[in-house]
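A short reminder: the numbers here are calculations on the coordinates, not readings from a lab. On a predicted model such as this, the values are computed, not experimentally measured, just so you know. Here the Cβ is made from the backbone with ideal geometry for all residues, glycine too, and neighbour counts use every protein chain on show.
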Amino acid sequence: MQTSIQSAKIQTLKYYTNADLQVDVLRLDEIHPIVSGNKWFKLQYYLADAIQKNKSEIASFGGAYSNHIVALAFACQSLNLKCTGFIRGEKSTTPSATLIAAANYGMNLQYVNRTDYNNKEALISLHEHPNRYWITEGGYGVLGAQGASKILEQLPTNNYTHILCSVGSGTMAAGIVNATTEHQQVIGISSLKNNADLEEQVLNLVLNHKKNAFTLLHQYHFGGYAKHPAELITFMKEFYNKTFIPTDIVYTSKLFFAMDNLIKENYFGSQTKLLVIHCGGLQGNLSLPKGILPF
Ligand SMILES: *Cc1c(COP(=O)(O)O)cnc(C)c1O
């Protein structure tokens, strides 16, 4: 397995770029074949905090296709920290590729039934240990947003007028908003349905003077988290044929669909320079039957 993280490149989408609009993509999906971009960034400050507090083990939570779990397993291996992943649901006789990779990186997997999984406080108190450092599901929190701020620092990004990114817990979006310069606007595309608190969840992690730089759009969730109707799969194939960019069914397909739609509706004014954050995370596609997608 590839053991190091590469720095991300920017790709211009010629298909969408014209005299009034430049569309570029930050390819965080290419930094590692398994460890997805955004999760890796969100973990950095938690892990530094754990080391500073002399913790020898990290624990967190996730499902069988969790990008967060596999990124945590990889990061802990590279820092020589022990780690435990509390996994939602019963152990399967055919574990997902995500969980196999996490175990190969040395993560101790503990399966938890769905009822117990949903009560994190009880779960944590049951497995509390003085050497153990807990990270929230998906890395939500101030330190997660601080890590996500580093996403924009990898390359010169000050020229962009708009930044488009997907939103799950909102940690990445918050970090990106905090890292923007004055003239930049961040538009978040929610992957969740009916999550009225999501905007507040993002803004709770955003610096006061940056709160006006964020807009959340709710109309591109395609039925909810990980829902992938045929229309979305068709879009993923067409988008790949135009751009050679693979997307996932949970986040980035909805992100690029939104981008395509917003451009068609002339959402952006003239002289727009748009940066779309492709934050990796193709693990969700492993839940699809083989052969559905061309990548
Ligand atoms: C986890 C993830 C997100 C959501 O990030 P949040 O910080 O939870 O909003 C978006 N896209 C991909 C590919 C992810 O793996």
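A compact table of results
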| item | result |
| --- | --- |
| Residue pairs, from the table LYS150/LYS210; LYS42/LYS227; LYS9/LYS150; LYS227/LYS273; LYS14/LYS237; LYS9/LYS273, whose Cα atoms sit over 20 Å apart | LYS42/LYS227; LYS227/LYS273 |
| Calculated diffusion of the stretch 184-290, Stokes-Einstein form, Kirkwood radius summed over Cα pairs, 20 °C and 1.002 mPa s, µm²/s | 142 µm²/s |
| Loop-located trypsin sites (Lys or Arg not before Pro) in the stretch 20-59 whose Cβ has at most 11 other Cβ within 10 Å (DSSP) | LYS53 |
| Choice from ILE233, ILE135, ILE189 showing the highest fluctuation, given a GNM over the chain with Cα pairs closer than 10 Å | ILE233 |
| Given charges at Cβ of Lys, Arg, Asp, Glu: the chain dipole, positive-most of TYR267, TYR133, ASN204 | TYR133 |
| Expected 222 nm ellipticity per residue - DSSP helices of 4 or more, -39500 (n - 2.57), all of the chain, to 500 | -9500 deg cm²/dmol |
| Burial order of peptide ranges 170-181, 282-293, 109-120 (average beta-carbon count within 10 Å, highest first) | 170-181, 282-293, 109-120 |
| Cα radius of gyration and Dmax for the stretch 64-119 (Å) | 11.0, 33 |
| The stretch 35-147: relative contact order in percent, alpha carbon pairs under 8 Å with at least 6 residues between | 39 percent |
| Overall Cα dimensions of the chain - principal axes, largest extent first, Å | 57, 46, 37 |
| Projected area, mean over directions - the stretch 21-123, Cα convex hull, nm² | 8.5 nm² |
| Debye, to nearest 20: dipole size of the chain, +1 on Lys, Arg Cβ, -1 on Asp, Glu Cβ | 400 debye |
| Within straight-line cross-link reach of LYS254, aspartates and glutamates at Cα separation under 19 Å, skipping those fewer than 8 residues along the same chain | ASP24, ASP29, GLU30, GLU199, GLU231, GLU238, GLU265 |
| Exposure proxy order (Cβ contacts within 10 Å, fewest to most) of LEU43, LEU192, LEU152 | LEU192, LEU152, LEU43 |
| For PHE41, net neighbour charge (Lys/Arg +1, Asp/Glu -1) across residues whose Cβ lies under 11 Å away | +2 |
| Gaussian network model of the chain, springs between alpha carbon atoms under 10 Å - residue of LEU72, LEU255, LEU207 with greatest fluctuation | LEU207 |
| Net charge of Cβ neighbours under 12 Å - reference ASN178; Lys, Arg +1; Asp, Glu -1 | +2 |
| In the stretch 107-208, the GluC sites (Glu not before Pro) that fall in loop regions by DSSP, at most 10 other Cβ within 10 Å | GLU128, GLU182 |
| Folded to 0 to 90 degrees: helix 230-243 orientation relative to the chain principal axis, Cα | 70 degrees |
| The stretch 182-290, dipole about Cα centre (Lys/Arg Cβ +1, Asp/Glu Cβ -1), debye to the nearest 20 | 240 debye |
| Separation of alpha-carbon centers, the stretch 34-58 and the stretch 103-158, rounded to whole Å | 8 Å |
| Stokes-Einstein diffusion coefficient of the stretch 78-219, Kirkwood radius over Cα pairs, 10 °C, 1.306 mPa s, in µm²/s | 91 µm²/s |
